[in-house]
There are 4 protein chains.
Amino acid sequence: MQMQGFFFPRTATGQSSLIPSPPWFYSGDLLTVEYRTDPARVAELLPAPLELAPEDPGAVALIWADWQSCSSSREELLDPVRSQYKEAFVVVRCSYQGTTYSRCVYIWVDKDFAIARGMHQGYPKKLGQMWQTRPMAFPHAAPVIGAGGVFGATLAAGDRRLAEAVVTLREESETNGFVNAHKMAHHRVYPAMDGNGDAFAELIESGASAFAAGPAWSGDADLRLFESPTEELARLEVHEVIGGYFRQVGVEWNGGRSLEVLNTDE
Amino acid sequence: MQMQGFFFPRTATGQSSLIPSPPWFYSGDLLTVEYRTDPARVAELLPAPLELAPEDPGAVALIWADWQSCSSSREELLDPVRSQYKEAFVVVRCSYQGTTYSRCVYIWVDKDFAIARGMHQGYPKKLGQMWQTRPMAFPHAAPVIGAGGVFGATLAAGDRRLAEAVVTLREESETNGFVNAHKMAHHRVYPAMDGNGDAFAELIESGASAFAAGPAWSGDADLRLFESPTEELARLEVHEVIGGYFRQVGVEWNGGRSLEVLNTDE
Amino acid sequence: MQMQGFFFPRTATGQSSLIPSPPWFYSGDLLTVEYRTDPARVAELLPAPLELAPEDPGAVALIWADWQSCSSSREELLDPVRSQYKEAFVVVRCSYQGTTYSRCVYIWVDKDFAIARGMHQGYPKKLGQMWQTRPMAFPHAAPVIGAGGVFGATLAAGDRRLAEAVVTLREESETNGFVNAHKMAHHRVYPAMDGNGDAFAELIESGASAFAAGPAWSGDADLRLFESPTEELARLEVHEVIGGYFRQVGVEWNGGRSLEVLNTDE
Amino acid sequence: MQMQGFFFPRTATGQSSLIPSPPWFYSGDLLTVEYRTDPARVAELLPAPLELAPEDPGAVALIWADWQSCSSSREELLDPVRSQYKEAFVVVRCSYQGTTYSRCVYIWVDKDFAIARGMHQGYPKKLGQMWQTRPMAFPHAAPVIGAGGVFGATLAAGDRRLAEAVVTLREESETNGFVNAHKMAHHRVYPAMDGNGDAFAELIESGASAFAAGPAWSGDADLRLFESPTEELARLEVHEVIGGYFRQVGVEWNGGRSLEVLNTDE
């Protein structure tokens, strides 16, 4: 029997696959806090052959995203339990063969299809609870997207709060920050069945195949990170806040390419 | 000791109260399907002294709402787990002493503070899972608020899907429907500790103390209701769809008034 | 139309009521930590005419419970999303007209039917996430109910951890603690629609109408309480741990009685 | 930098890994319904080189499991949000090189660590909501594990109920069924970054490295499967119920072995 389905479970029809084939489409609101930590703490998260980025190597972005997403069929949009999800993720930069990449080192989402897309894209996704203030059409219970607009965001996992941020917008900005501005360099790993090393490991790059964005707003940011026995986010200590950002975006993602299949010999 | 707190648990400071004192503020997106059912099914949900509305007595509105809300302090907006919630609710109309009221007969929400506000306001809230398509800033994975925009919505409780709707917007509309357009007439009940009838029962009216709204859009709607052993929503059978609506609103709610304290003698 | 249903929403059949009429039945595992706090902190939670208990007035019990529950029909047992829930609750003692009562001052549950039962019984329930180690049939991933068995428990609400405990069983015990050993004296309150005080307030007593229990085990306990902007649990500081307990129980609850309807004049 | 961690995210310490290294330990309650479907529907789920089992090829087991689990450190048992989870899974049998294997074709769990363990073991896990009646210490709200004990179970995903079962125990049984009684033959797949086929695919076998079980009870079973646009469980139609089973188990799992690395050329 020939199986169908982009990912598991594969069946004769492919209907059950946890995720459909790319391209995948996203509309979302991004709330970002950029800060500097000890570059040595970033280096700890860069397996060879990745190295620290040459400039501002301790820069970190903690990004909350409130997403609606779908496949080419757009059918998920009419059953939005299958299209909406929230996430928070931590991005650093690194250098590979002379090129600077962004790299997601931690990420939490709240849906299984998002976990599976992360498996494919090399985002190391766990489940978490993420909340970020939404700009709404009316200000009765919402901030403005503009000078003075104040946005909060929180991240929890395992019934522990891991991070909370408050961003106060000040002015329009040329950029939405610089840490998450490169193609991503991610590892994809599959541990071996016998427990000795990996059966498969690969360094890949990927980025948006299409991207649109509204005006970016920048401002002040306050960020607090909390300890957890199963997380190391707080190890990326906040030494200096660079800034906070808010931006609304539309994204298409349609695959990436393998940079290296890694040696999995033990 | 003098206890503080609008609702339970009451303490010396009032800090623990599940909900703060009104006024309460809301910014939200409403997706509405109006339809006609057998007026006898509406009448079943109207305790005396309420009666069927004189005109179009079988009209029903099933409304999904995606809310951000806060108290006067607005502090909940920076800890949005405390301000965002989703709901779906069923509204009919009724007549009391010659006046037509709206009345929420079923409602599901996904936060405890929303349940407590409903206890106060006479909304018979249960927990459920509600999803409605969101208009986003970019169309990559979102409909437009405008002609041709298609919005889906689903409601589940107890791990069963109870309702699903698809609304296709066609044109701007004078109204967002007519069923939920009156003040609400609700019962507030508190069963007696000995199990014999109610210790307290009251008929109240309430409505928004301030209201703002963007343009309403109307269009076609498809609505399906499903059976559940613990729900009677499907008993309000869809005989004729009146229309679908989408509107963004801002609301302030600041109390209501007692119409009658009801006799609780058994 | 005569409405049916123990609690809201009331309908012609009563089928939709969030909770059925008592009696209610429970089978559960209780993990308890008893400790002493400053009696003044307990007194803060006792509205007149309640007073501190005459002996050991600063004693507190923090109890986790892993419940399966049902009505007389037992139908919920076959659709266990409707019968299983977890809770954590804080009990102190108080004195009313010379009698010592237990009193639940804070409680978190994870189902709506449990919230509604709490409304009726005067338990000030919020939603939370509770976890407690389970004794399982095999020890591969479980403690024994016996000397050396170690049980953990955690409580979170609003994406913040509020409490965590570890109990190490040492020996069989005559009791499962003494703080939660009396009838409960609870307030039931319903704020007035106009926001001025309560429309209804009552002091009630209730307790189990039937009760069975296995052997109680006692032992050492470690308890940590954490701050939250919406909770005051941590204000009941742990001055001295009295002990930890584990016990399996069966309970029937079938109403209580009003001690006083309280004056709600402002 | 040398990265540590059995699975992602990998860090210098390994502390963040979503799952620790095997062995993994489990204590659980299993509720099983075995039935026969059209063998052609089973064949649809068996990619080459797997074939239908030679005897009773249409046999299916739908199993609910209520688990507590941990690593060798057993630390998860004291923070039980990290150790307890529920699952429902569908097992068929197949033949590979003359040997009969069990094979999990669909599975739903409710924790992220369980998804990650499934990725490793070749279980095609999605998130779902699973509930099964628990045997408790007291019968006030629980069935007995014995003749006449009635257990219910439900499965939902995407806010839709997918399956519900009722099992009435009749007698002790030699076995807990026969469908899930072999080593598992599972595929592990990793789609290629460019979207063309798989970067890695492997057929593996694994089973418990240690196993203990209490008495198995068998009885009558009723099973209903429901349609969903994202699931094909209902395609495994119930032609004939074989029986229902309840058993409590303890399990250790400590890896498996690769049967074949599969050709991933397109």
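The values are calculated or read from the model by the stated rules, or taken from the named source; none is laboratory data. No experiment lies behind these values; they were computed from the predicted model shown. Every residue, glycine as well, gets a Cβ built from its backbone with ideal geometry; the counts of neighbours run over all protein chains shown. Calculation scope for accessible area: heavy atoms of the full protein, side chains included, ligands and nucleic acids excluded. Shrake-Rupley method; radii C 1.70, N 1.55, O 1.52, S 1.80 Å.
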Task: Single unsatisfied condition, D:Ile204 versus (1) touching a residue at least 60 places away in the same chain (Cβ under 8 Å); (2) within 14 Å of chain C (Cβ to nearest Cβ) - done: (2)
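For every residue, the table says whether it meets (1) surrounded by 23 or more Cβ atoms within 10 Å (Cβ to Cβ); (2) in contact with a Leu (Cβ under 8 Å, 6 or more places away or on another chain); (3) away from chain B (no Cβ under 14 Å).
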residue	(1), (2), (3)
A:Tyr106	yes, yes, yes
A:Gln129	no, yes, no
A:Val150	no, yes, no
A:Thr154	yes, no, no
A:Gly158	yes, no, yes
- [ ] Within the stretch D:41-80, track down each residue that is part of a helix (DSSP H, G or I) and among the acidic types (Asp, Glu).
- [x] D:Glu75, D:Glu76
TODO: Just one of (1) of a type outside the set (Val, Ile, Thr); (2) in contact with an Asp or Glu (Cβ under 7 Å, 6 or more places away or on another chain); (3) within 14 Å of another protein chain (Cβ to nearest Cβ) trips up A:Pro49, so point out which.
DONE: (2)
Open item on the list: Given the criterion in contact with a strand residue (DSSP E or B) (Cβ under 6 Å, 6 or more places away or on another chain) and at negative phi, identify the matching residue among B:Arg82, B:Arg103, B:Arg41.
Closed with: B:Arg103
TODO: List every residue pair whose Cβ atoms lie under 9 Å apart, where the two residues are 6 or more positions apart in sequence or sit on different chains, the first residue falls within the stretch B:34-45 and is closer than 15 Å to C:Thr11 by Cα, and the second residue, located anywhere, is at pLDDT below 95 and of a type outside the set (D, E, K, R).
DONE: B:Ala43/C:Met1; B:Glu44/C:Met1; B:Glu44/C:Met3; B:Leu45/C:Met1; B:Leu45/C:Met3
Open item on the list: For the structure I just gave you, tell me whether C:His140 is within 12 Å of chain D (Cβ to nearest Cβ), in contact with a Cys (Cβ under 9 Å, 6 or more places away or on another chain) and buried (at least 16 other Cβ atoms within 10 Å of the Cβ).
Closed with: yes
Open item on the list: Looking only at residues that are of a type in the set (Asp, Glu) and in a strand (DSSP E or B) in the stretch D:209-257, which one is nearest to D:Val179 (Cα to Cα)?
Closed with: D:Glu240
Open item on the list: Residues that are of a type in the set (Asp, Glu), open to solvent by less than 40 Å² (accessible area, probe 1.4 Å) and over 16 Å from the mean Cα position of the chain (by Cα): does the stretch C:197-219 have at least one?
Closed with: yes
- [ ] Return the residue satisfying two criteria in turn: it lies in the stretch A:30-40 and is part of a strand (DSSP E or B) and more than 13 Å from every other protein chain (Cβ to nearest Cβ), and of such residues it is surrounded by the fewest Cβ atoms within 10 Å (Cβ to Cβ).
- [x] A:Arg36
- [ ] Collect the residues in the stretch A:223-266 that are open to solvent by 40 Å² or more (accessible area, probe 1.4 Å), of a type in the set (D, E, K, R) and more than 24 Å from A:Trp24 (Cβ to Cβ), keeping them in residue-number order.
- [x] A:Arg224, A:Glu227, A:Arg235, A:Glu237, A:Glu240, A:Glu260, A:Asp265, A:Glu266
- [ ] Could you check, for the stretch B:230-248, whether at least one of its residues is under 24 Å from B:Ile19 (Cα atoms) and within 14 Å of chain A (Cβ to nearest Cβ)?
- [x] no
- [ ] Quick one: which residue in C:Ser73, C:Ser27 is open to solvent by less than 10 Å² (accessible area, probe 1.4 Å) and polar (S, T, N, Q)?
- [x] C:Ser27
Open item on the list: Here are the criteria: (1) under 27 Å from A:Ser209 (Cβ atoms); (2) within 12 Å of chain D (Cβ to nearest Cβ). Tell me which single one A:Ala65 does not satisfy.
Closed with: (2)
Open item on the list: Just the residues that are in contact with a Leu (Cβ under 7 Å, 6 or more places away or on another chain) and touching a residue at least 40 places away in the same chain (Cβ under 8 Å), please, taken from the stretch C:115-127.
Closed with: C:Ala116
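I need the full set of residues from the stretch A:44-70 which are among the charged types (D, E, K, R) and crowded, with 22+ Cβ neighbours inside 10 Å, in order please.
Selection gives A:Asp66 alone.
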Task: Residue count, the stretch B:1-24 (criterion: surrounded by 20 or more Cβ atoms within 10 Å (Cβ to Cβ) and either under 10 Å from B:Arg117 (Cα atoms) or modelled with pLDDT under 95 (or both)) - done: 6
TODO: Would you point out the residue of the stretch A:162-196, among those that are open to solvent by 10 Å² or more (accessible area, probe 1.4 Å), within 9 Å of another protein chain (Cβ to nearest Cβ) and within 18 Å of the chain's Cα centre (by Cα), that is nearest to A:Val92 (Cα to Cα)?
DONE: A:His187
TODO: State yes or no: is A:Gly14 of a type outside the set (Ser, Thr, Tyr) and not in a strand (DSSP E or B)?
DONE: yes
TODO: Output the number of residues of the stretch B:81-92 satisfying the condition of being assigned to a strand (DSSP E or B), touching a helix residue (DSSP H, G or I) at 6+ places or on another chain (Cβ under 8 Å) and not acidic (Asp, Glu).
DONE: 3
Task: Scan of the stretch A:118-138 for residues that are within 15 Å of A:Ser206 (Cβ to Cβ) and over 11 Å from the mean Cα position of the chain (by Cα), ordered by number - done: A:Met119, A:His120
Open item on the list: D:Tyr96 - would you say it is surrounded by fewer than 20 Cβ atoms within 10 Å (Cβ to Cβ) and more than 13 Å from chain C (Cβ to nearest Cβ)?
Closed with: yes
TODO: For C:Ala53, indicate whether it is in contact (Cβ under 8 Å) with a residue 12 or more places away in the chain and within 30 Å of C:Val167 (Cα to Cα).
DONE: yes
- [ ] Please list, ordered by first then second residue, the pairs with beta carbon atoms under 7 Å, 6 or more apart or interchain, first in the stretch D:1-28 and more than 7 Å from every other protein chain (Cβ to nearest Cβ) and in contact (Cβ under 8 Å) with a residue 60 or more places away in the chain, second part of a loop (DSSP other than H, G, I, E, B) and open to solvent by less than 30 Å² (accessible area, probe 1.4 Å).
- [x] D:Ile19/D:Phe6; D:Ile19/D:Phe7
